[in-house]
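S.K.: Here it is: the structure, laid out below.
Read the figures in this text as sums done on the coordinates, not as results from a lab. Owing to the predicted nature of the structure, the values given are computational and were not obtained by experimental measurement. Virtual Cβ from ideal backbone geometry, glycine too; neighbours counted across all protein chains shown.
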Amino acid sequence: MKHNIIAPSVLAADFANLQRDIEMINNSEADWFHIDIMDGVFVPNISFGMPVLDAITKHARKTIDVHLMIVDPDRYIKTFKDLGSDILTVHYEACTHLHRTLQAIKAEGMKAGVALNPHTNVALLEDVINDIDMVCLMSVNPGFGGQSFIENTYKKIKQLKEIITRNNASTLIEIDGGVTNQNARQLIEAGADVLVAGSYVFKASDPIATIADLKKITAL
């Protein structure tokens, strides 16, 4: 059976009760913590920075999946390793020398991810797919939580899966944005491996049950 990964997005957590929400993820069936870092330049919003990530990783007991929505991410690769990141995802649109950036992330002992904005064609990753551990397809426009899902994502998943298979790569496909119990199974059936869920989990009356439900829905 394919093991599908659920990664709650901490951006949607209650920052006044952050430790409580981190413990909720620790105690749930979630697999990873998904943490968005935004600089207000690459995306029109600012999220938490290094001190908050440091605080999260001190309490988190699962894989730390960090998504950098920042310009010039190369400057901070070592910093994010030192803060406890297991997977570091950079945006294709923010990297002038993507191959070099991927090599630098791996040199620090992290898994290397590449995120694509909704308008970016997956075919652009063909030449580096074997160097990428995970591709994060943005299924909303990056920068803000709680947006509705972009339907074209299903087509992109299938196109990306074909590139991965053709190149005999082991790259995972992550979907970030607008994931709910209404589309989770369809995303997995299209070829996704990792689902990021933010508002849907944290705004639920019972987040632990919501995560368990997502795990059940996506078990193929």
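S.K.: With θ set to phi - 60° and the Karplus curve 6.51 cos²θ - 1.76 cosθ + 1.60, what are the ³J(HN,Hα) couplings of the stretch 35-46 in order, to the nearest whole Hz, using x for Gly and Pro?
M.R.: 10, 8, 10, 10, 10, x, 10, 5, 10, x, 7, 10
S.K.: Next question. Which far-off residues, 5 or more places away or on another chain, put their amide H under 5 Å from the one on residue 172, with H placed in the peptide plane?
M.R.: It is 134, 135, by chain and number.
S.K.: Another one. Of the chain, which part is the longest with no GluC sites (Glu not before Pro) in a loop (DSSP not H, G, I, E, B) and with at most 16 other C-beta atoms within 10 angstrom?
M.R.: Within the chain, the longest run free of exposed GluC sites (Glu not before Pro) spans 30-107.
S.K.: Which of the following values of semi-axes √(5λ) of the Cα gyration tensor in Å was calculated from the structure shown: (1) 24, 22, 16; (2) 31, 18, 14; (3) 34, 28, 15?
M.R.: Step by step, semi-axes √(5λ) of the Cα gyration tensor in Å for this structure corresponds to label (1).
S.K.: Could you work out the local net charge near residue 178, counting Lys and Arg as +1, Asp and Glu as -1, over the other residues with Cβ closer than 14 Å to its Cβ?
M.R.: -1
S.K.: Checking the table 106/203; 58/161; 156/203 against a 31 Å threshold on Cα-Cα, which pairs fail?
M.R.: Too far apart for the 31 Å limit: 106/203; 58/161.
S.K.: Just how far, in whole angstrom, is the stretch 1-41 from the stretch 163-199 if you go by their alpha carbon centroids?
M.R.: 17
S.K.: Then there's this: Might you report the magnitude of the Cβ-based charge dipole of the stretch 56-201 about its Cα centre, with Lys and Arg at +1 and Asp and Glu at -1, to the nearest 20 debye?
M.R.: 260
S.K.: Rounded to the nearest 5, what is the percent of antiparallel bridges among the DSSP beta bridges in the chain?
M.R.: Just about 5 percent of them are antiparallel.
S.K.: With runs of 4+ DSSP H residues as the only contributors, calculate the mean residue ellipticity of the chain at 222 nm using -39,500 (n - 2.57) per run, divided by the residue total and rounded to the nearest 500.
M.R.: -9000 deg cm²/dmol
S.K.: Looking only at 207, 51, 142, which one moves most when the chain is put into a Gaussian network model with springs between Cα atoms under 10 Å?
M.R.: 51
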